[in-house]
Amino acid sequence: MTKPLLTEIDHVAIAVRDLDAAIAWYEEVLGAEVVHRELVEPDGVEEALVAVAESYIQLLSPTREDSPVARFLARRGEGLHHVGYRVADCAEALDAVKRGGGAVVDDAPRPGSRGTTVAFVHPKSSFGTLIELVQEGRPAGAADEAARGAARGAADEAAEDEAGTGPH
Ligand code: CO
């Protein structure tokens, strides 16, 4: 029996074409609050985190036409993009996926938005849903922003495949 690695749902990510319109809908119709907004330039995405109890809805919209989220919108339209699970140790959870024969988008943990450390699991291993493993904070000696850019190159290649999905 494997010990439980997923501690909570961190976020459910939804790809949208118009970030401001999506934010307005959540705020005005559902009374939700945007607690974080971030431009993640290496991923070509702008995100807004809408708080739902201890989790978030992560609204994603592309900032350029060659980003993975732009390709996702072109192929599939708006909708569910990935699910982020909180883990205590991103590297440990990623290793568990690899040991289980799973395909990964990120070969090693990398900096995510909101100061987190993340790695994506390929949807072909996780029954059709792109999964993001999310660890709070950055481990000591974590890669800096320059290294993040290098890591993104490999992930973008993986995102080009038939799945039509990719990290944001
Ligand atoms: Co995410």
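Throughout, read-outs are computed from the coordinates displayed, never taken from laboratory work. What you see is a predicted model; the values in this text were computed from it and never measured. A quick note on method: Cβ atoms are made from the backbone with ideal geometry, for glycine too, and the neighbour counts reach across all protein chains shown.
For the reader, a short list of remarks on this structure follows.
- Within region 6-159, percent of DSSP bridges classed antiparallel, to nearest 5: 75
- If both residues of a DSSP beta bridge must be in region 1-67, then about 75% of such bridges are antiparallel.
- Cβ-to-Cβ counts within 10 Å put ARG76, ARG110 in ascending order as ARG76, ARG110, the fewest first.
- Antiparallel DSSP beta bridges within region 74-136, as percent of all bridges there, nearest 5: 60
- Cβ-derived FRET efficiency at R0 25 Å, THR129 paired with ASP89, nearest 0.05: 0.70
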